[in-house]
Amino acid sequence: VQLQAYGGGLVQAGGSLRLSCVASGRTFSTYAISWFRQAPGKERQFVAAIGWRGKITYYSDSVKGRFTISRDSAKITVYLQMNSLKPEDTAVYYCAATPHVVPGRAVEEYDYWGQGTLVTVSS
């Protein structure tokens, strides 16, 4: 499984961005996918997760109600719609894949990672 993350950029506070995670590999459709982010000088932290069927989703408290994770019907692309962005959302965002039925919040649970895409939110 190979992952590529796209869609980062510079946006003003209150704005929106949509990140995409495109996967290749014949088993990707059975993997749960999560987004993580890492701000400068901080540890990588969980943001949102979606199960391989797209029916299970959950979010960190810091983004709940503002971000939405989804995956297309072919299960090739996973999206992270980010609304009402705040300066504290500034980070490099990574998508990651795990074969676990229920995706966890720990970095160690994920076998595959995308290269990251930078999101910068100005105040």
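The values are calculated or read from the model by the stated rules, or taken from the named source; none is laboratory data. What you see is a predicted model; the values in this text were computed from it and never measured. Ideal geometry is used to build each Cβ from the backbone, glycine not excepted, and the neighbour counts take in all protein chains shown. When the accessible area is computed, the model is the full protein with side chains, heavy atoms only, and any ligands, DNA or RNA have been set aside. Shrake-Rupley method; radii C 1.70, N 1.55, O 1.52, S 1.80 Å.
Observations on the model:
- Basic side chains Lys and Arg get +1 at the Cβ, acidic Asp and Glu get -1 at the Cβ, and with that the dipole of the range 1-98 about its Cα centre reaches some 260 debye.
- Restricting the calculation to Cα atoms, every distinct pair contributes to the Kirkwood radius of the range 13-123, found to be 13.9 Å.
- Cβ charges +1 (Lys, Arg) and -1 (Asp, Glu), total dipole of the range 43-118, debye: 340 debye
- Solvent-accessible area, 1.4 Å probe, carbon plus sulfur percent, for the range 1-117: 49 percent
- Per the Debye formula on identical point scatterers at the alpha carbon atoms of the range 31-78, with no solvent, log10 I(q)/I(0) at q = 0.14, 0.18, 0.21 Å⁻¹ is -0.36, -0.56, -0.72.
- Exposure rank, largest accessible area first [D72, D89, D61; 1.4 Å]: D61, D72, D89
- Accessible surface calculations at 1.4 Å, restricted to protein heavy atoms, place the chain at 51 Å² per residue.
- In order along the range 109-120, the Karplus-derived 3J(HN,Hα) couplings, from 6.51 cos²θ - 1.76 cosθ + 1.60 at θ = phi - 60°, round to 7, 9, 8, 10, 10, x, 7, x, 9, 7, 10, 10 Hz, and Gly and Pro are given as x.
- Estimated at the nearest 10 Å², the accessible area of R44 is 80 Å² with a 1.4 Å probe.
- Taking the chain as a Gaussian network of alpha-carbon nodes connected by springs under 10 Å, the highest mean-square fluctuation of the residues E109, E43, E88 belongs to E43.
- Of the trypsin sites (Lys or Arg not before Pro) found in the range 4-37, those that fall in a DSSP loop while having at most 11 other beta-carbon atoms within 10 Å are R26.
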